[in-house]
1. Looking only at the stretch 258-288, count every residue that is among the basic types (Lys, Arg), surrounded by fewer than 17 Cβ atoms within 10 Å (Cβ to Cβ) and assigned to a helix (DSSP H, G or I) and tell me the total.
2. Can you tell me which of Asp140, Asp116, Asp157, Asp175 is of a type outside the set (Val, Ile, Thr) and either touching a residue at least 60 places away in the same chain (Cβ under 8 Å) or in contact with a Ser or Thr (Cβ under 9 Å, 6 or more places away or on another chain) (or both)?
3. Has the stretch 428-441 got at least one residue that is open to solvent by 50 Å² or more (accessible area, probe 1.4 Å), modelled with pLDDT under 95 and aliphatic (A, V, I, L, M)?
4. Would you point out which residue out of Ala39, Ala29, Ala48 is in a strand (DSSP E or B), open to solvent by less than 30 Å² (accessible area, probe 1.4 Å) and in contact (Cβ under 8 Å) with a residue 60 or more places away in the chain?
5. Let me spell it out: the conditions are (1) at pLDDT 95 or above; (2) touching a Leu at 6+ places or on another chain (Cβ under 9 Å), and Leu173 meets all of them except one. Which number is the exception?
6. Among the residues of the stretch 154-161, is any out of contact with any Lys or Arg (no Cβ under 7 Å at 6 or more places or on another chain), among the basic types (Lys, Arg) and modelled with pLDDT of 95 or more?
7. Being crowded, with 16+ Cβ neighbours inside 10 Å, out of contact with any Ser or Thr (no Cβ under 8 Å at 6 or more places or on another chain) and under 28 Å from Leu235 (Cα atoms): is that true of Leu367 here?
Amino acid sequence: MDQAAPEVQELSHTPESMQERVAMILDHARSCGASAAQAAVSHNVGLAVTVRRGEVETLEYERDQQMGLVAYFGQSKGAASTTDFSPEALRQTAEAACRIARYTEPDPYAGLPDPDEQARDWPDLQLDHPWDCPAGRGIDLAREVETAGFAVDPRVDNSEGASVSTRRAMSVLGDTHGFMGGYRSTRHSISCALVARGDGGMQRDYAYGTSRDPSRLPAGEAIGREAAERALRRLGARKLGTRQCPVLFVPEMARSLIGNFTRAISGGAQYRKSSFLLDAAGREVFPGWMRIVEEPLLPGALGSAPFDGEGVRTRPRDLVTAGVLQDYILDSYAARRLGLRTTGNAGGARNVSVQPHPGEKGLQGLLSDMGTGLLVTEMIGQGVNLVTGDYSRGAAGFWVENGEIAYPVEEITIAGNLRDVFRGIAAVGNDVDIRGNIRTGSILVEGMTVAGD
């Protein structure tokens with residue numbers, strides 16, 4: 001099987017060939033009369049395999065490419081894209097984008113970023129780590145993961161699947177201001193979801209690892225065992241009566257709280273006036289000890305990038321210092337709408353990191369600080385209103401008494417307003433989860449409404 005399978009980590013294009021195509025489509029846009037243009041090209045290859053109860057359930061190869069062009073006639077904008085990189089297709093794509101731009105109403109805020117804001121040189125962020133993982137090896141690894149989970153306890157008797165995926169990408173961005181840049185990147189993952197059965201019914205849970213560098217992935221057997229142990233811990237889950245109590249979010253769940261914050265301070269939410277943190281820059285929105293930073297240049301991190309989606313240089317900065325919001329998350333368009341300067345965030349914030357406080361406390365230390373309350377390990381639904389800050393989501397986890405887990409709970413709802421939730425954060429643990437673009441430890445909130453029976 002391995003011999004017949006394509007080498008999914010091998011990219012068909014080189015940086016030079018992709019830059020040539022970008023330059024070609026920009027030349028076509030100029031010849032069509034565009035006053036400015038920006039082109040982005042991407043090429044991805046990958047493999048994903050899922051095994052369920054030892055049998056291959058899915059096997060997917062990915063190999064795709066796309067070129068997109070934005071053309072400006074003054075401040076009128078048109079866009080077109082193609083998956084065909086032939087010279088004729090690029091010419092037709094440029095013509096289509098220019099044709100659209102001619103019929104588009106001018107937007108006074110549209111246009112390329114200021115050339116002075118764009119990156120001219122950048123460090124190697126170590127984002128490219130190909131994994132020699134052909135289909136046969138991926139299938140074997142997924143089976144090892146699932147087998148390790150089943151071996152933990154006979155009550156673990158079913159599976160929603162173990163998966164292995166690997167992906168390599170190359171992208172190049174260029175514009176008529178003279179910017180041209182690109183880089184390769186990889187992302188690999190192993191995951192498993194298992195079902196445990198007990199007298200009180202069935203429970204499922206999962207575990208996963210993801211990294212740009214395959215050597216930094218957890219061992220497959222460890223992921224299988226973790227998935228099994230997590231499912232077993234949830235057996236015998238109870239419901240809770242409605243109450244006010246402290247709530248402790250494990251890092252995977254705490255990440256979503258910070259994600260609500262970054263969305264609320266995005267340029268789009270600000271200029272549309274659709275944020276509960278409208279015009280909040282310079283105001284205290286978190287406790288006075290809290291610090292949140294953006295670190296887009298961390299070597300090897302999942303959110304790292306040397307420049308944003310407009311070619312603007314990325315740079316480390318504080319989003320929150322001493323609880324005070326320092327700035328918004330802006331691309332060039334949003335910045336112009338707000339009368340500000342771009343923050344290098346076309347495509348969003350990168351590596352948003354919440355600094356631990358107080359001291360060196362992990363999950364167990366925060367459980368002791370909480371004493372009695374709810375530990376949230378899963379959330380369900382999307383009950384967040386970013387305009388008002390109202391927050392209500394289904395949840396599951398564990399009831400905690402005297403700093404120790406007492407029993408699992410399910411079918412509950414946690415609710416509050418995000419203004420109060422953010423101001424009510426009592427601590428952030430040092431158990432920082434780096435498996436995503438938001439990097440945070442567990443977050444303890446002083447009080448929320450927990451609704452159950």
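The values are calculated or read from the model by the stated rules, or taken from the named source; none is laboratory data. Computed from a predicted model, the values in this text were never measured in an experiment. FYI the Cβ positions are ideal-geometry reconstructions off the backbone, even for glycines, and counts take in every protein chain you see. All accessible areas refer to the heavy atoms of the entire protein, side chains included, with ligands and DNA or RNA removed. Shrake-Rupley method; radii C 1.70, N 1.55, O 1.52, S 1.80 Å.
1. 0
2. Checking each option against the conditions leaves just Asp175.
3. no
4. That would be Ala39, the only listed residue that is in a strand (DSSP E or B), open to solvent by less than 30 Å² (accessible area, probe 1.4 Å) and in contact (Cβ under 8 Å) with a residue 60 or more places away in the chain.
5. So Leu173 meets the others, but not (2).
6. The answer is no, given that none of the residues of the stretch 154-161 is out of contact with any Lys or Arg (no Cβ under 7 Å at 6 or more places or on another chain), among the basic types (Lys, Arg) and modelled with pLDDT of 95 or more.
7. yes
Okay, residues lined up against (1) within 23 Å of Ala280 (Cα to Cα); (2) hydrophobic (A, V, I, L, M, F, W, C):
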residue	(1), (2)
Leu386	yes, yes
Ala395	no, yes
Asn402	no, no
Ile405	no, yes
Glu410	no, no
Asp453	no, no
